[in-house]
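Read the structure below first, then the notes.
The values are calculated or read from the model by the stated rules, or taken from the named source; none is laboratory data. These numbers come from a predicted model, not from an experiment. Here the Cβ positions follow ideal geometry from the backbone for every residue, glycine too, while neighbour counts run over all protein chains shown. In case anyone asks, the SASA skips ligands and DNA or RNA and just uses the protein heavy atoms, side chains included. Shrake-Rupley method; radii C 1.70, N 1.55, O 1.52, S 1.80 Å.
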Number of protein chains: 2
Amino acid sequence: MKELTKQQTKVLACVEVYLNKTGFPPTRAEICKELGFKSPNAAEMHLRALEKKGYISIQSGSSRGISIVKSQQSFEQTGEQMPVIGLVAAGSPTLAEENIEKRISCDPNMFSDSFDYFLKVKGLSMIEAGIHEDDLVAIKKTTDVKNGDLVVVRLEDEVTLKYFKKTNHSLELIPANKDFSTIEVDLREQEAFVEGKSVGLIRTH
Amino acid sequence: MKELTKQQTKVLACVEVYLNKTGFPPTRAEICKELGFKSPNAAEMHLRALEKKGYISIQSGSSRGISIVKSQQSFEQTGEQMPVIGLVAAGSPTLAEENIEKRISCDPNMFSDSFDYFLKVKGLSMIEAGIHEDDLVAIKKTTDVKNGDLVVVRLEDEVTLKYFKKTNHSLELIPANKDFSTIEVDLREQEAFVEGKSVGLIRTH
DNA sequence: TTATATACTGTAAAAATATACAGTATAAAT
DNA sequence: ATTTATACTGTATATTTTTACAGTATATAA
């Protein structure tokens with residue numbers, strides 16, 4: 001998608017804001033009034049440029065015939081674009097851009113608790129908890145977890161999604177698959193970092 | 001909210017469909033063309049009635065100045081409050097207001113395919129497919145289903161979520177739990193209504 | 001029988017709107 | 001020094017659109 005000039009960005013934002021506020025697109029004159037232009041042709045030219053670059057489409061001959069093709073600020077709508085992070089074998093699931101597989105438009109409060117990102121599940125270790133490969137688990141970044149919570153824990157360079165159980169100096173990371181065994185960590189010997197806990201799950205059929 | 005007449009319902013639906021398709025509301029003339037009226041005043045009168053009853057608001061003097069206040073079919077929007085319907089023992093999962101348990105703010109296009117509502121799962125018949133009690137299954141209203149699809153089917157007054165398999169005159173509704181048995185329907189003897197199919201799932205932990 | 005509400009047709013005019021054309025100004029690129 | 005792209009002003013007009021007004025038809029309620 002082609003880059004927008006500063007003014008084109010403003011005009012696109014103006015159209016989107018107007019649309020959100022009123023439910024229908026603005027006229028050329030209304031865009032001018034909003035952005036301080038004195039000629040409807042100013043708006044017209046920017047709209048044409050936006051159409052040529054594929055951000056909007058214009059229904060010729062129709063009043064207010066503007067529709068948004070590619071929104072600049074789709075996340076400003078009802079829901080946000082929540083990042084999906086692959087559960088890679090090594091490294092922690094950071095929110096750095098390079099780890100984000102894609103984004104999904106949804107409400108961060110759609111589950112009982114808010115969440116920060118989706119973790120894409122690899123493997124079958126939690127299958128008996130109804131968590132399949134490629135399911136997206138909604139993770140809330142926190143270290144405040146209780147026994148029995150489904151948590152994301154990092155050990156050395158490995159990140160896993162397991163049930164959490166802590167007893168004195170020992171931490172158990174319990175899978176939900178009888179073919180897998182519990183990971184036991186002696187906290188006096190090895191560090192374990194709780195990255196967050198699951199507050200929900202989504203799956204595409 | 002006041003009741004709508006049949007024609008008012010049609011006009012409101014027409015506006016919403018147009019809005020979803022084009023991104024902006026229709027003119028009086030376009031409503032007429034769509035619904036077969038021969039005078040723009042026909043549309044005008046219905047719009048006024050819809051405004052008086054609080055379903056839309058009309059920006060006087062503006063072209064296409066219609067905005068939806070209370071949608072008949074809010075599930076058709078984007079980034080909206082998607083209804084959650086309980087899988088009740090009897091009756092079909094209609095979107096009538098009284099069947100909607102709550103609404104969840106999310107994008108109707110968050111899964112591979114768009115969907116119309118969430119169905120709240122009751123029972124354990126699909127547990128081996130990783131579908132638990134109280135999971136919300138995203139349902140797309142369609143009768144276009146293939147063998148192997150996870151579908152919502154109504155038999156008499158009962159609604160179930162099962163895997164779909166059709167062979168000649170027989171329909172099999174297959175559970176994913178070895179403690180449950182397949183429902184077999186002879187379509188020459190009994191009617192079966194496909195309400196829709198699952199395109200995704202969400203669960204709150 | 002007479003209202004009353006619903007549901008339109010048909011026409012017309014005023015207002016809103018898109019959009020073409022002719023310019024001006026400025027900064028960056030060639 | 002000249003072109004090119006961006007970013008406008010200002011005007012004009014054909015077209016679109018709203019919206020008022022005058023009717024017609026039909027079913028239902030009083």
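Residues that are in a loop (DSSP other than H, G, I, E, B) and among the aliphatic types (A, V, I, L, M) occur in region A:138-147; there is at least one. Tell me, yes or no, whether region A:62-70 has at least one residue that is open to solvent by less than 40 Å² (accessible area, probe 1.4 Å), hydroxyl-bearing (Ser, Thr, Tyr) and within 8 Å of DNA strand C (Cβ to nearest atom). Within region A:62-70, one or more residues are open to solvent by less than 40 Å² (accessible area, probe 1.4 Å), hydroxyl-bearing (Ser, Thr, Tyr) and within 8 Å of DNA strand C (Cβ to nearest atom). Among the residues of region B:34-59, the ones that are near DNA strand C (Cβ under 9 Å from one of its atoms) and either more than 21 Å from A:ILE66 (Cβ to Cβ) or basic (Lys, Arg) (or both) come to 13 in all. Checked against the criterion of being surrounded by 11 or more Cβ atoms within 10 Å (Cβ to Cβ) and either within 14 Å of chain B (Cβ to nearest Cβ) or out of contact with any Gly (no Cβ under 7 Å at 6 or more places or on another chain) (or both), the candidates A:LYS178, A:LYS166 yield just one match: A:LYS166. Selection of first residues in region B:187-205 that are within 14 Å of another protein chain (Cβ to nearest Cβ) and of second residues that are open to solvent by 60 Å² or more (accessible area, probe 1.4 Å), restricted to Cβ pairs under 6 Å at least 6 apart or on distinct chains, gives the following pairs, ordered by first then second residue: B:GLY196/B:LYS141; B:SER198/A:HIS205; B:VAL199/A:HIS205; B:GLY200/A:THR204; B:GLY200/A:HIS205; B:THR204/A:SER112. Flag: B:THR78 matches the condition of being polar (S, T, N, Q), in a loop (DSSP other than H, G, I, E, B) and at pLDDT below 80. Against the conditions (1) more than 10 Å from every other protein chain (Cβ to nearest Cβ); (2) surrounded by 16 or more Cβ atoms within 10 Å (Cβ to Cβ), B:GLU172 satisfies every one except (2). Take the residues in region A:49-61 that are surrounded by fewer than 14 Cβ atoms within 10 Å (Cβ to Cβ) and within 13 Å of DNA strand D (Cβ to nearest atom), then tell me which one is farthest from the other protein chains (Cβ to nearest Cβ). Across region A:49-61, the extreme among qualifying residues is A:LYS52. None of A:LEU119, A:LEU124 is under 17 Å from A:LYS162 (Cβ atoms), open to solvent by 80 Å² or more (accessible area, probe 1.4 Å), at pLDDT 65 or above and within 13 Å of another protein chain (Cβ to nearest Cβ) except A:LEU124.
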